[in-house]
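Peer 1: Got a structure for you, written out below as structure tokens; questions coming shortly.
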Amino acid sequence: MAGIRYLRRRNTTDPAYRSISCHVLMNQTRPRISVLDDDPSVCRALARLLKGDGFEVMTFARGEEFLEACVLQAPNCLLLDLHLQDLSGFEVLERIAARHVPAVVMTGNDQPGNAQRVRALGAFDYLLKPVDKVQLLAALRGAIHHEPNP
């Protein structure tokens, strides 16, 4: 009963956290987050943070690599860097739109209009690097529990 040990280890009153914890206990699965960032150190740091908070994490350095994996098993949420080496974050959002994968976009290079553009492409949130841990976790939980527009 790994889920029960997990709940005992963490003591929080955050309603979003309790919701995910209940999901873990009921289904014995953790929400799957795909992290798509071409910086390996960012992927490692985000994976460590998210795993420590109870998420199952897969990291990807290339957009095409993520899209291929997404066909086999879509994540509960995508944490997406806007600027990648092979595809832009905008292209990734366009290509996953039909799969209804919730996405949280992050960037270290904000440009006017980017936030509106990613939201128009279906992203749940737009965050600036360096990303605040509390804000990031809240955005991911919100995206996972958000009902997509038909």
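Peer 1: Only one residue in 75, 112 is of a type outside the set (A, V, I, L, M, F, W, C), modelled with pLDDT of 95 or more and buried (at least 20 other Cβ atoms within 10 Å of the Cβ), so which one is that?
Peer 2: That would be 75, the only listed residue that is of a type outside the set (A, V, I, L, M, F, W, C), modelled with pLDDT of 95 or more and buried (at least 20 other Cβ atoms within 10 Å of the Cβ).
Peer 1: Also, quick follow-up: Please go through the range 35-72 and give me each residue that is among the polar types (S, T, N, Q) and crowded, with 16+ Cβ neighbours inside 10 Å, ordered by number.
Peer 2: Of everything in the range 35-72, just one residue is among the polar types (S, T, N, Q) and crowded, with 16+ Cβ neighbours inside 10 Å, namely 59.
Peer 1: Within the range 130-150, which residues are modelled with pLDDT of 95 or more and surrounded by 15 or more Cβ atoms within 10 Å (Cβ to Cβ)?
Peer 2: 136, 137, 138, 139, 140, 141, 142, 143, 144
Peer 1: Taking the range 86-121 only, how many residues are charged (D, E, K, R) and either farther than 21 Å from residue 136 by Cβ or touching a Cys at 6+ places or on another chain (Cβ under 6 Å) (or both)?
Peer 2: 5
The values are calculated or read from the model by the stated rules, or taken from the named source; none is laboratory data. Since the structure is predicted, the reported quantities are computational estimates derived from the model, not experimental observations. In this analysis, Cβ positions are derived from the backbone assuming ideal geometry, glycine residues included, and neighbour counts consider all displayed protein chains.
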